Amino acid sequence: MEDLHKVELGWAIFQNTALDEIERADRSYELFDEVIKDREDPAAVAQAHYCMAVWCKLNDEVPAVKKHLEKCLAIDEKHVHARRELRLFE
């Protein structure tokens, strides 16, 4: 499976409220983290960092939010959603 597909699948799982909350949080985290660690596709890695920032925000891991947003923007400085989230964070 391509990295961007992994990110999209992780996001879909994360948003699926029909699944058990812990199961969907764990599975989506695994997919985002896998793409971040692989670092093969820069666009997918940037998107995975953005998704991970949102994941951290919603799971009360606030210190990690800014880190992931900054890493996303270091790869894709025009990432609109990451810029907006960083402004809201600050």
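The values are calculated or read from the model by the stated rules, or taken from the named source; none is laboratory data. Predicted model, so just to flag it, every value in this text is computed and none were measured. Note that each Cβ is placed from the backbone with ideal geometry, even for glycine, and that neighbours are counted across all protein chains shown. Only protein heavy atoms, including side chains, enter the accessible area calculation; ligands, DNA and RNA are left aside. Shrake-Rupley method; radii C 1.70, N 1.55, O 1.52, S 1.80 Å.
Are any of the residues in the range 53-73 touching a Lys or Arg at 6+ places or on another chain (Cβ under 8 Å) and of a type in the set (Phe, Trp, Tyr)? Checked the range 53-73: no residue is touching a Lys or Arg at 6+ places or on another chain (Cβ under 8 Å) and of a type in the set (Phe, Trp, Tyr).
When the residues of the range 31-51 are filtered to those that are touching a helix residue (DSSP H, G or I) at 6+ places or on another chain (Cβ under 8 Å) and surrounded by fewer than 16 Cβ atoms within 10 Å (Cβ to Cβ), the one that is farthest from Lys67 (Cα to Cα) is Glu40.
Residues that are at pLDDT 95 or above, within 22 Å of Glu21 (Cβ to Cβ) and among the small types (Gly, Ala, Ser) do occur in the range 39-58. When residues in the range 31-76 are screened for being not charged (D, E, K, R) and not in a helix (DSSP H, G or I), 1 of them pass. Is one or more of the residues making up the range 19-30 part of a helix (DSSP H, G or I) and either among the polar types (S, T, N, Q) or crowded, with 21+ Cβ neighbours inside 10 Å (or both)? Checking the range 19-30: at least one residue is part of a helix (DSSP H, G or I) and either among the polar types (S, T, N, Q) or crowded, with 21+ Cβ neighbours inside 10 Å (or both). Under 8 Å by Cβ, and 6 or more places apart or on different chains, what pairs join a residue from the range 70-90 that is hydrophobic (A, V, I, L, M, F, W, C) with one that is part of a loop (DSSP other than H, G, I, E, B)? Listed pairs, sorted by first residue: Cys72/His79; Leu73/His79; Ala82/Asp76.
Among the residues making up the range 77-90, those that are basic (Lys, Arg) and either open to solvent by less than 20 Å² (accessible area, probe 1.4 Å) or in a helix (DSSP H, G or I) (or both) are Arg83, Arg84, Arg87. Close contacts from the range 11-32, counting a first residue that is free of Cβ contacts under 8 Å to residues at least 12 places away in the same chain and a second that is of a type outside the set (D, E, K, R) and open to solvent by less than 80 Å² (accessible area, probe 1.4 Å), with Cβ to Cβ under 7 Å and a gap of 6+ residues or different chains, come to Leu19/Ile13; Arg24/Ile13; Arg24/Phe14; Arg24/Asn16.
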